[in-house]
Amino acid sequence: MIQMILVLLLAPAQDAKAQEKEKQEKLQDKLEDQEDRIKELERKLAEVEKRQAGATSAGARTAFNPTVTVSGDFLWRFDDKKVYLDNDPSKARIDDQINVREVELDLRASVDPYVDGVAIISFGAEVANDYGVDIEEFYATIKSLPLPFWDAPPLGTKIKVGRFRTEFGLNNKSHLHDLPQSDRPLVIQEFLGTDGSAANGISTTSFLPSPDDTALELTLQALNGGGIAVADDPNHLAYLANLNFFWQVADAHSVNLAVIGFYGTNDPEGHDQSRVASAELLYKWKPARLGEYESFLFGAQAMYAKHEFPTGPDTHLRTYPFGWDVWAQYQLSSRLYVGVRWDETDALADASIQRKQISPYFTWYTSEFFRARLTYEHTRSDLAVENGRNTFMLELVVVLGAHPPEPFWVNK
């Protein structure tokens, strides 16, 4: 009886010790996480200081020179069917070719304390050896103004003026060599064009009030019309709005959600109009304990359009195409990524025509200046010219000079 009483009396004490031990272990884990983060921040700070020292050592004569980056994108593709530019058999073939798809010259500089400038010139060829020159981006970002009331809301807004990639989502904003896959999703190609959307215009970006651990950003753009498949009239302005919500769910988890609206026209009189609604999601997992060597990304984007366009002098057509893509990527190590993307889209001119594609891929970095990617694509389509096509692609990206910020899908 005495032994039983002792057991009953000691049991709560033992439970309390076990709970206290568990708390201590959790606290120790958190401390180790913080130590890992501090070490990583110290490493990055040392790299920044080293770069700054290298930059300032050049002397006063080069202090105002822009940072210069040259990026080259090389693609070697193998196809089991003939592939034509824009899926048009009357145009040039692009299957089974070795092609330097693009060489891009990137210049960036701080113009003065209030304005930054970016100039990006690309030399591209969808058909091997058939190069063209394009001003892909040339814009000034007004960060602030020397006015006493500027920083007070609703001012303090960043203003971008010039030519830039439009806010149709993360994929569209990325340049060819910075894409998470070797080409853009079918829905981007169908609605916007093979290389997405870039336009001349003015853009404003403002942060709106939002709860803790979140950020709410609104971008409004007035654009020169034309240049994209869904709204190709250059005689009227087009308008785009992007409301982006970022939420740091936990230390290792974050969610980015964007809602996008677009308006443009398709005829010189502006009677045929197109409206596009889009939603985009990006989820990111990156545990602190694993530093920079493991991550998981899940992304998706959907687009729905009311598309009006002329089919003759006095005839018009209205379609309601819908398209989407979803992709996932896992980082196996500091250098190796593996992923897959699934695409589905209706054709703009005939929403009853559907196209589908699956694209698994492997991406390997030797450093931030060289990347190799192997991709397989299988296409199912109501278009006979591409139905059942299998494609293998080897993509190499080389970066010369100063390295710009890593694309959103990289965690090094």
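See the values below:
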read-out	value
Total residues in segment 109-131, condition open to solvent by 30 Å² or more (accessible area, probe 1.4 Å), under 24 Å from the mean Cα position of the chain (by Cα) and not β-branched (V, I, T)	5
Search result, residues across segment 362-390 that are more than 25 Å from F322 (Cα to Cα), touching a strand residue (DSSP E or B) at 6+ places or on another chain (Cβ under 7 Å) and hydroxyl-bearing (S, T, Y)	T363, Y365, T375
Residues that are in contact with a Gly (Cβ under 9 Å, 6 or more places away or on another chain) and either outside any loop (DSSP other than H, G, I, E, B) or open to solvent by 50 Å² or more (accessible area, probe 1.4 Å) (or both), drawn from segment 137-152	E137, F138, Y139, A140, T141
Verdict on R318 being touching a Lys or Arg at 6+ places or on another chain (Cβ under 9 Å), over 20 Å from S197 (Cβ atoms) and either open to solvent by 30 Å² or more (accessible area, probe 1.4 Å) or assigned to a loop (DSSP other than H, G, I, E, B) (or both)	yes
Residue within segment 377-395 that is of a type in the set (V, I, T), loosely packed, with under 14 Cβ neighbours inside 10 Å and either part of a strand (DSSP E or B) or out of contact with any helix residue (DSSP H, G or I) (no Cβ under 6 Å at 6 or more places or on another chain) (or both) present	no
Failed item, numbered, when L107 is tested on (1) assigned to a helix (DSSP H, G or I); (2) within 23 Å of G201 (Cα to Cα)	(1)
Residues located in segment 239-270, provided they are farther than 24 Å from D212 by Cα, more than 22 Å from the chain's Cα centre (by Cα) and of a type outside the set (D, E)	G264, T265, N266, P268, G270
Residue, least open to solvent (accessible area, probe 1.4 Å), within segment 340-360, restricted to residues that are of a type in the set (S, T, Y) and under 15 Å from Y320 (Cβ atoms)	T345
Residue count for segment 271-289, restricted to those that are among the acidic types (D, E) and under 15 Å from the mean Cα position of the chain (by Cα)	1
Pairs with Cβ under 6 Å, 6+ apart, first in segment 379-406 and under 21 Å from V83 (Cα atoms) and without any contact (Cβ under 8 Å) to a residue 60 or more places away in the chain, second of a type outside the set (G, A, S) and not in a strand (DSSP E or B)	T379/E386; T379/R389; S381/N387; D382/I353
Pair list, Cβ < 9 Å and 6+ apart or interchain, from segment 335-348 residues that are assigned to a loop (DSSP other than H, G, I, E, B) to residues that are among the aliphatic types (A, V, I, L, M)	A347/I353; A347/L383; L348/A229; L348/V230; L348/A305
Total residues in segment 204-226, condition assigned to a loop (DSSP other than H, G, I, E, B) and either open to solvent by 30 Å² or more (accessible area, probe 1.4 Å) or at pLDDT 95 or above (or both)	5
Only listed residue being open to solvent by less than 40 Å² (accessible area, probe 1.4 Å) and in a loop (DSSP other than H, G, I, E, B), chosen from G270, G264, G201	G270
Identity of the residue in segment 79-97, outside any loop (DSSP other than H, G, I, E, B) and open to solvent by 50 Å² or more (accessible area, probe 1.4 Å), that ends up nearest to L394 (Cα to Cα)	R93
Unmet criterion (only one of (1) farther than 19 Å from S197 by Cβ; (2) modelled with pLDDT of 90 or more; (3) open to solvent by 30 Å² or more (accessible area, probe 1.4 Å)) for D232	(1)
Residues located in segment 349-369, provided they are modelled with pLDDT under 95, in a strand (DSSP E or B) and more than 19 Å from the chain's Cα centre (by Cα)	T366, S367
Condition check for F74: open to solvent by less than 40 Å² (accessible area, probe 1.4 Å), of a type in the set (F, W, Y) and in contact with an Asp or Glu (Cβ under 8 Å, 6 or more places away or on another chain)	no
Among the residues listed as Y293, Y283, the single one being touching a Phe, Trp or Tyr at 6+ places or on another chain (Cβ under 6 Å) and either in a strand (DSSP E or B) or within 30 Å of Y337 (Cβ to Cβ) (or both)	Y283
Subset of segment 160-198 [small (G, A, S) and either open to solvent by 20 Å² or more (accessible area, probe 1.4 Å) or assigned to a strand (DSSP E or B) (or both)]	G162, A198
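The values are calculated or read from the model by the stated rules, or taken from the named source; none is laboratory data. Treat the numbers as computed from the prediction; the structure is a model and nothing was measured. Because the Cβ atoms are built from the backbone with ideal geometry, glycine has one as well, and the counts that use them run over all protein chains shown. We work out accessible area using only protein heavy atoms, side chains counted, and drop any ligands, DNA or RNA first. Shrake-Rupley method; radii C 1.70, N 1.55, O 1.52, S 1.80 Å.
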